[in-house]
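The next block holds one structure in the form of structure tokens; read it before the comments.
The values are calculated or read from the model by the stated rules, or taken from the named source; none is laboratory data. Keep in mind the model is a prediction, meaning the values are calculated, not measured. Virtual Cβ from ideal backbone geometry, glycine too; neighbours counted across all protein chains shown. SASA here: full protein model, heavy atoms, side chains in, ligands and nucleic acids out. Shrake-Rupley method; radii C 1.70, N 1.55, O 1.52, S 1.80 Å.
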Amino acid sequence: MNTHGVKVNMTPSHPGDFVRTEILEALGLSVTRAAEILGVRRATLSNVLNGHAALSAEMALRIEKAFAIPMDLLLRMQAWYDAAQMRARAAEIEVRRYEPA
């Protein structure tokens, strides 16, 4: 689907929100137990869940292996979130359009 020139007025949530609600809460898992299952530190998982850290490819793969949520889906969610955050800051970045001679 070509969305060039189409403005979508949706702000995506951080993928940590999805992981928290659709995996941890749905399965009744604490952050501590989920971190044990994933083989990561509790603080590392907590940072992702609270939107203080990006969801890395490694974390996405761990989630896929443990909970059967496709890694690609999680990484697309992160990319969409990152793009929306950057678009919100676009006015802060000054770059002139290149004009070939």
> When the residues of region 48-63 are filtered to those that are of a type outside the set (Gly, Ala, Ser) and crowded, with 16+ Cβ neighbours inside 10 Å, which remaining residue is nearest to the chain's Cα centre (by Cα)?
Replying inline: Leu55
>> Exactly one of these conditions fails for Gln78: (1) over 20 Å from Ile37 (Cα atoms); (2) open to solvent by 50 Å² or more (accessible area, probe 1.4 Å). Give me its number.
In response: (2)
> Applying the selection to region 70-90, what residues are within 14 Å of Phe18 (Cα to Cα) and either in contact with a strand residue (DSSP E or B) (Cβ under 9 Å, 6 or more places away or on another chain) or not in a helix (DSSP H, G or I) (or both)?
Replying inline: Pro70
>> Cβ contacts < 7 Å: first residue closer than 24 Å to Ala84 by Cβ and modelled with pLDDT of 95 or more, restricted to region 9-38; second residue surrounded by fewer than 18 Cβ atoms within 10 Å (Cβ to Cβ) and among the polar types (S, T, N, Q), any location; separation 6+ or different chain. Result?
In response: Gly16/Asn50
